[in-house]
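What follows is a short report on a single structure.
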Amino acid sequence: MNGHVEAGKTEAAAVSRVGVPSTAIIVRALNHWFGEGEAAKQALFDIDLEIEAGKLITLVGPSGSGKTTLLTLIGCLRRVQEGSITLLGAELAGASEADLTLHRRQLGFIFQAHNLHDSLTAMQNVRMGLEVHGPAAMQHWEEAAAQILTTLGLGERLHYIPSRLSGGQKQRVAVARALVGNPEIILADEPTAALDKDTGMQVVRLLKRLGEERGTTTLMVTHDNRILEMSDRIISLEDGRIVSG
């Protein structure tokens, strides 16, 4: 693997691994509801979980089991209602919106919906993954964006807008955007669903290698059995509860 994703290759890497705790994510007695009052429906029940830094962890379970809800709580996209989530040593319960925004900058998000900006090229979409890290990260954005896109097989489509890309190519741009800022934790919700077998495995191997070489932690929701074979740990949820893993 070449370019920006190799350890220490470019100044565009915005996050240092110095001082990162060995346990990247700690969840304790986490409960979550949707709705209010009598209409409230509990989605998560007493979740207790520790995730070691640098590992590739998969969340599995049927639709509606709480996988995506848990992922978005860890990703600071929802507020903790009851219980505790410690993310890289920082408590999320009771955190201010400003603090949650800062915590999100330590994360890379890959969703099944690529969420690309239609008017921007592949390079410019990836650039957005660096903008949150400030001027220092932006100094070499073109090099960093080109390198990660080339690593993902899009070297000939750097300047294509999304309407000129296939569904799988769009998803690879979204993966590149998530990885370019060298996040400490990657949260992925069905990241290979729109990819063919070879490209999907290429993405998972890249995430696995980032864990081995850089200590990047990946927490991934998936129904793809091919990914399970490469996982360091599989956590199974049913009806909002962890049943194994």
Surrounding charge for Gly64, neighbours by C-beta under 10 angstrom, Lys/Arg +1, Asp/Glu -1, total -1
Residues meeting the amide H criterion for Asp189 (H placed from the backbone, H to H distance under 5 Å, 5 or more places apart or on another chain) are Ile110, Phe111, Gln112, Val221
In deg cm²/dmol, rounded to the nearest 500, the helical mean residue ellipticity at 222 nm of the chain, built from -39500 (n - 2.57) for every DSSP H run of length 4 or more, is -9000 deg cm²/dmol
DSSP beta bridges in the chain: the antiparallel percent, rounded to 5, is 50 percent
Filtered hits (lysines, Cα-Cα < 28 Å from Lys41, offset >= 8 within chain) -> Lys67
Comparing Arg28, Arg127, Arg177 in a Gaussian network model of the chain (Cα, 10 Å), the one with the largest mean-square fluctuation is Arg28
For Asp232, placing the label point 7 angstrom along Cα-to-beta-carbon and taking region 171-185, residues whose amide nitrogen sits under 16 Å are 183-185
HN-Hα couplings for region 115-121 via Karplus (6.51, -1.76, 1.60; θ = phi - 60°), in whole Hz with x for Gly/Pro, come out as 6, 7, 7, 5, 8, 9, 6
Contour minus Cα-Cα span, Ala93 to Lys41, at 0.36 nm per residue, comes to 16.7 nm
Shape descriptor, region 14-172: equivalent ellipsoid semi-axes (Cα gyration tensor, sqrt 5λ, whole Å, largest first) stand at 32, 20, 15
Ordered by fewest other Cβ atoms within 10 Å, a rough proxy for footprinting exposure, Phe109, Phe34, Phe45 read Phe34, Phe45, Phe109
Computed about the Cα centre, the charge dipole of the chain from +1 Lys/Arg and -1 Asp/Glu charges at the Cβ has a magnitude in debye, to the nearest 20, of 480 debye
Rg (one decimal) and Dmax (whole number) from the Cα set of region 79-231, in Å, equal 15.7, 48
Largest fluctuation, Ala29, Ala146, Ala174 only, Gaussian network model of the chain with Cα springs under 10 angstrom, belongs to Ala29
Taking max minus min of the Cα coordinates of region 81-144 on each principal axis, largest first, gives extents in Å of 41, 29, 17
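Where a number appears in this text, it was derived from the coordinates with a stated rule and is not lab data. A quick note: this is a predicted structure, and the numbers were derived from the prediction, not measured. Note: ideal-geometry Cβ built from the backbone for every residue, glycine included; neighbour counts use all protein chains shown.
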